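Below: one structure, written as C-alpha cells.
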Amino acid sequence: MIVLLPIVIGLSIIIYLMSKPYLLEHKRNNIKKLPFKKEWRKIIQKRMPYFKQMPTDLQLQLKQHIQVFIAEKEFVGCNGVEITDEIKITIAAQACLLLLNRKTNYYPKLKTILIYPGAFTKVQNQQAVDGTQQTKRINLSGESWDFGKVVLSWQDSVHGAELPHDGHNVVIHEFAHQLDQENGRANGAPTLGKEQNYQSWSDTFSKQFKLLQRQAAANIPSLFDYYGATNPAEFFAVVSEVFFEKSEQFAKEHPELYQQLTGYYKVDPIHW
Ligand SMILES: [Zn+2]
C-alpha cells in the first residue's frame, strides 16, 4: 500500500492539473450566468457613452466579461482612493472592450489594479547625455507591469471613457500592454489568432511605426500620438486607443493597419 501511495499522489496531481482549465471555465460560466446588477448597468451607461451604440450581442458579452473580470481581479486604492463599484465597473468595462469576440483568458498574468486619484509620480533613473545617471520624477496616468499589476489614475480613466472620440484612453492603452505582455515582454507583437499572419502583422506594424517616427521627428501631424514612436510596444498601445476611439479616421488614413487590428480585436468599432 505504501508503495502505491506516491503513484496515487502523482496521479491525483496530474488529474488536478489537467482538469484545472475546465474547472476555471466552469466557474467563469457560472459567474456569467449571475444577474448583472441594475446599478452596474447605470454606471456603464454613465461612464461609457458609446455602450448604448454597441450591437446587443457585444453589450451582453461585455457585461459577462465585466462580471468575470471584477470577480478575479483585485482593486487596490492608493493615496486615499476608496474602491467602489463605480471604479471597478468603469475600469473593467473599458478593459474588457479588448476581449470581445475573442477566446480570452482574462489577462491571466494580471492580479491587481492599483488606482490613484489622479496622475501619479514615478522616480526614474535615466542616463544623461554626458553618460551620468540622473534621477527624474515623471507624472503618469497609467502604467502596466509585466508581473501582475496595472496602475491607473482614476481621473484619467474617467476622462478617457467620457471622451470616446479623442483617441486617448489610458485604460485601453495599459490593457493593450497587458495583451502584448501575455507572451513575454511587451514588444508590439501580441499572440495572434490562428487566421492571422505574423509576417504581415510585422510588415504592416514596422512600416507604420517607422512612419510615425519620421512624422514625430519632423513634427508632422499624425492621427497617432507621437508617444507611439517611442518603441513598438508603445506603438501597439497607442494605435489600440485610436482603433477604439477614432475608428473611421483610422480606417481611412491607415487601412492596412486598421485591417490588422480588426483581425486581432475581432470587432469593427466603425459600426458602433
Ligand atoms: Zn504605454
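The values are calculated or read from the model by the stated rules, or taken from the named source; none is laboratory data. Quick caveat, the model's predicted, so the values are computed rather than measured. Methodologically, a virtual Cβ is constructed for each residue, glycine included, from the backbone with ideal geometry; neighbour enumeration extends over all protein chains shown. Quick note on the areas: whole protein, heavy atoms, side chains included, nothing else; ligands and nucleic acids left out. Shrake-Rupley method; radii C 1.70, N 1.55, O 1.52, S 1.80 Å.
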- Note on the structure: Everything considered on the Cα gyration tensor (a ≥ b ≥ c; rounded for a/c under 1.5, else prolate if a/b is larger than b/c, else oblate), the stretch 187-272 must be described as oblate
- Task: Compare W201, W154 by solvent-accessible area with a 1.4 Å probe and give them largest first, with all protein chains kept in place.
- Result: W154, W201
- If ligands, DNA and RNA are left out, what is the accessible area of E195 with a 1.4 Å probe, given in Å² to the nearest 10? 130 Å²
- Note on the structure: When every protein chain stays in place and a 1.4 Å probe is rolled, K210, K33 sorted by accessible area with the largest first are K33, K210
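Give the percent of DSSP beta bridges with both residues in the stretch 25-165 that are antiparallel, rounded to the nearest 5. Display every interim value, and only then the final one.
On the way: 11 of 20 bridges.
Percentage antiparallel, nearest 5: 55.
Tell me, what is the FRET efficiency for L60 and D166 to the nearest 0.05, using R0 = 25 angstrom and their Cβ-Cβ distance as r?
0.40
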- Message: Please compute the contact order of the chain in relative form: average sequence separation of alpha-carbon pairs under 8 Å and at least six residues apart, divided by the residue count, as a percent.
- Response: 15 percent
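Please report the carbon-and-sulfur percent of the accessible area for the stretch 72-215; probe 1.4 Å, protein heavy atoms only, DNA, RNA and ligands left out.
In the stretch 72-215, the share of accessible area belonging to carbon and sulfur is 47 percent.
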- Any of K37/K88; K103/K252; K52/K246; K42/K103 with alpha carbons more than 19 Å apart? Name them for me. K103/K252; K42/K103
- Does the stretch 107-146 come out rounded, prolate or oblate, given a ≥ b ≥ c as the square roots of the eigenvalues of its C-alpha gyration tensor, rounded meaning a/c under 1.5 and, failing that, prolate meaning a/b above b/c? oblate
- Query: Residue by residue, what Karplus-based ³J(HN,Hα) values in Hz, rounded to whole numbers, does the stretch 248-264 have, using 6.51, -1.76 and 1.60 with θ = phi - 60° and x for Gly and Pro?
  - Reply: 4, 5, 4, 4, 6, 8, 9, x, 5, 5, 4, 5, 4, 6, 5, x, 7
- Note on the structure: For the chain, longest principal axis from Cα atoms; helix 38-47 axis from its Cα atoms; angle between them, nearest 10 degrees, is 20 degrees
- At R0 = 30 Å, FRET efficiency that the Cβ-Cβ distance of Y227 and T262 yields, to 0.05: 0.85
- Note on the structure: Rounded to 0.05, the calculated FRET efficiency for the beta carbons of A128 and Q53 at R₀ = 41 Å is 0.25
- In the chain the DSSP beta bridges are antiparallel at a rate, in percent to nearest 5, of 55 percent
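What shape does the stretch 128-197 take by its C-alpha gyration tensor, where a ≥ b ≥ c are the square roots of the eigenvalues and a/c under 1.5 counts as rounded, a/b above b/c as prolate, and the rest as oblate?
Taking the square roots of the gyration eigenvalues as a ≥ b ≥ c, the stretch 128-197 is oblate.
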- Between E86 and K33, with labels modelled 7 Å along Cα→Cβ, what's the label distance in nm to one decimal, could you check? 3.4 nm
- Using just the helices of the chain, give the 222 nm mean residue ellipticity in deg cm²/dmol: DSSP H runs with n ≥ 4 each add -39,500 (n - 2.57), and the total is spread over all residues, rounded to 500. -16500 deg cm²/dmol
